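The values are calculated or read from the model by the stated rules, or taken from the named source; none is laboratory data. Fair warning: this is a prediction, and the values are worked out from it, not measured in the lab. For neighbour counting, all protein chains shown are included, and Cβ atoms are generated from backbone atoms with ideal geometry for every residue, glycine included.
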Amino acid sequence: MNKNDTLEQCISQLADADLGQLIMAVAEACCELSALVQQGELAGILGAAGSSNVQGEDQKKLDIIANDVFLEKLPPCGQLLAMASEEMEDIYPVNKPSPEAKYLITFDPLDGSSNIDVNGAVGTIFSVLTHAGGDVSSESFLQPGSQQICAGYCLYSSATMLILTTGDGAHGFTLDTSSGSFVLSHPHMQLPKTTTDYSINAAYQRHWFAPIKQYIDECVAGKDGVRGENFNMRWAGAMVGDVHRIMCKGGLFLYPSNKKLASEGKQGKLRLLYEANPMSFIVEQAGGAATTGEQRIMELQPDGLHQRVPVIMGSEVEVQRVTSYHDNSAV
């Protein structure tokens, strides 16, 4: 795998050619979505769809379009048994899969869709699992993140980038619009162990539990506080955008549980199967860490397709610090 190799050249080196075919199908879907995002209002894709997803969240037109693109582009590769999407209540079994098909895929077709109408960063997140055998059901997808064989995200921004791992590190590919191919531009991405950047939605500050409040208060205090250095806060409004910045520059991404979510009976905001697990796999492969504050995310046993969890991920030393605050807190 060498810099400037195409994605196709890189995955041709995989021992599992079937997985390579699936990855190329995902890349094709991402290319189509990239073109639609770049057109924006010219393609008639902006604005609300007038419907809600399974979580009761208002959908954008592009949420539905992106989901449909994946349902159309991925099954013909012949390697999928079923798909699960953040936008669908139940799984989507593939009609007449090939006899060799053994994969399951979970995906968030359009992360950060609230950014669409303001031309902000959006993306796609996906995770690939192997089916253990027998009939495929929603329970087939309830595997810990440690069992993922591939994960990735595609960022649609000033450039379109596909960040991918198959367990041999995290690698970044940039879409060459002249050829329509993803080209290896960021091989073996690595997060620095320490950081002075963090990403969190400060609108929930009044609802934070004590460990998160302590950590953020120390960051805000800067050189005058116990940390003795200044910190910068960044918030893109899309997990893909915030995590990608961390993958490139280091940092800490936090979407923790809070008192408001707890009062609604929710453990967290982000979905374990569609967002937390694949992003954790990628971040860990780049030398970072990912936790709920109390447990490594990829060790969690899922209890449902749309389970939500707290997420704290990024540079290892900072993740460990936040975790230690949870360990020492009675709240």
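Look at residue 186 and say whether it is within 17 Å of residue 243 (Cβ to Cβ), surrounded by fewer than 21 Cβ atoms within 10 Å (Cβ to Cβ) and either of a type in the set (Ser, Thr, Tyr) or at pLDDT 95 or above (or both).
So residue 186 fits the description; yes.
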key: Selection status of residue 92, of a type in the set (Phe, Trp, Tyr) and free of Cβ contacts under 8 Å to residues at least 24 places away in the same chain   = yes
query = For the stretch 310-331, which residues satisfy the criterion of being among the hydrophobic types (A, V, I, L, M, F, W, C) and either surrounded by fewer than 23 Cβ atoms within 10 Å (Cβ to Cβ) or within 19 Å of residue 192 (Cβ to Cβ) (or both)?
reply = 312, 313, 317, 319, 322, 330, 331
ask   = If we only count strands (runs of 3 or more DSSP E) wholly inside the stretch 221-331, which ones have 3 or more residues that are within 30 Å of residue 185 (Cα to Cα) and touching a Phe, Trp or Tyr at 6+ places or on another chain (Cβ under 9 Å)?
value = 252-255, 311-314
query = Looking at residue 139, is it out of contact with any His (no Cβ under 6 Å at 6 or more places or on another chain), surrounded by fewer than 16 Cβ atoms within 10 Å (Cβ to Cβ), among the charged types (D, E, K, R) and outside any helix (DSSP H, G or I)?
reply = no
request  = Tell me, yes or no, whether the stretch 271-285 has at least one residue that is more than 19 Å from residue 165 (Cβ to Cβ), in contact with a Pro (Cβ under 6 Å, 6 or more places away or on another chain), buried (at least 22 other Cβ atoms within 10 Å of the Cβ) and not charged (D, E, K, R).
outcome  = no
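Residue-by-condition table, conditions (1) in contact with a helix residue (DSSP H, G or I) (Cβ under 9 Å, 6 or more places away or on another chain); (2) in the same structural domain as residue 39 (by TED's automatic domain parsing); (3) at pLDDT below 95:
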{"residue": "108", "(1), (2), (3)": "yes, yes, no"}
{"residue": "115", "(1), (2), (3)": "yes, yes, yes"}
{"residue": "120", "(1), (2), (3)": "yes, yes, yes"}
{"residue": "130", "(1), (2), (3)": "yes, yes, no"}
{"residue": "145", "(1), (2), (3)": "yes, yes, no"}
{"residue": "162", "(1), (2), (3)": "yes, yes, no"}
{"residue": "172", "(1), (2), (3)": "yes, yes, no"}
{"residue": "206", "(1), (2), (3)": "yes, no, no"}
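Please work out if residue 124 is among the polar types (S, T, N, Q), under 15 Å from the mean Cα position of the chain (by Cα) and modelled with pLDDT of 95 or more.
In short, yes.
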remark   = residue 261 meets each of (1) surrounded by fewer than 19 Cβ atoms within 10 Å (Cβ to Cβ); (2) within 15 Å of the chain's Cα centre (by Cα) with one exception, condition (2)
task = Give the residues of the stretch 60-86 that are farther than 22 Å from residue 35 by Cα and among the aliphatic types (A, V, I, L, M), sorted by residue number.
result = 80, 81, 82, 83, 84
task = Of the conditions (1) crowded, with 18+ Cβ neighbours inside 10 Å; (2) at negative phi, residue 114 clears all except one; give me its number.
result = (1)
task = All but one of (1) on the phi > 0 side of the Ramachandran plot; (2) over 24 Å from the mean Cα position of the chain (by Cα); (3) modelled with pLDDT under 95 hold for residue 179, so report the exception by its number.
result = (1)
